[in-house]
Amino acid sequence: MIKTLFEALGLPAFVPYLIALLLAVGGLYGVYHMGESDERMRWQLKESQALIAANEQILNLKNQKYDLEQQHKQDMATATAAHVKEIENVQNQANLAIDRVRAGTLKLRIPTLRPTSCAGASSGASASLSGSEQAATSELSTEAAEFLIGEAKRADQIVSQLNACQAILNQERVQPIFNINTHSTGELK
């Protein structure tokens, strides 16, 4: 019947075969295109899954970094509070010592050497020392004692600052580094 239709239209006999061939080629092209689309979708799915995994890793690292920063802030606040308290203690001890010097309840003395020919020298003390000198002490003036206590306070404050710096450095050395697991191919786990 199709053959008679083509004959009635005056078309050559090979036209139905040509149409069948074109339909077959069109069908193959359609199947190829669908396969190509399917492969593209599979590739996009794989890439999307890799992107999701990478974003999860980034989020985990950001959270880990945030937690470490918060811990670091807390540690720094604790170290700062301890340092401030230590400085206050040094200041209070120095003020107490200065008050005691001014009240006369604390006397600072320094060793001096005096010749044995001085009046009031005991013969027992001079026998224990060699030569013509013996040990004695001399009381410092209030101003000199205050100056020395102030210098001791300043030195204690410097030691406190150095101890705080050393504690911070030691803490930085033991701070964990971000844990990024990678294969030899460079892919994130």
If you add up the charges near Phe147, with Lys and Arg at +1 and Asp and Glu at -1, over every other residue whose beta carbon is less than 12 angstrom from its beta carbon, what do you get? -1
Label-point separation (nm) for Asn60 and Ser37, each offset 7 Å from Cα along Cα-to-Cβ? 3.7
With a ≥ b ≥ c taken as the square roots of the eigenvalues of the C-alpha gyration tensor of the range 36-81, please select rounded if a/c is under 1.5 and otherwise prolate if a/b is larger than b/c or oblate if it is not? prolate
With a Förster distance of 35 angstrom and the Cβ-Cβ distance between Ala53 and Ala167, calculated FRET efficiency to the nearest 0.05 equals 0.30
Under the rule rounded for a/c under 1.5, else prolate if a/b exceeds b/c, else oblate, using alpha carbon gyration tensor axes a ≥ b ≥ c, the range 1-109 is classed as prolate
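Where a number appears in this text, it was derived from the coordinates with a stated rule and is not lab data. Bear in mind the structure is a predicted one, so any value in this text is a computation, not a measurement. Note that each Cβ is placed from the backbone with ideal geometry, even for glycine, and that neighbours are counted across all protein chains shown.
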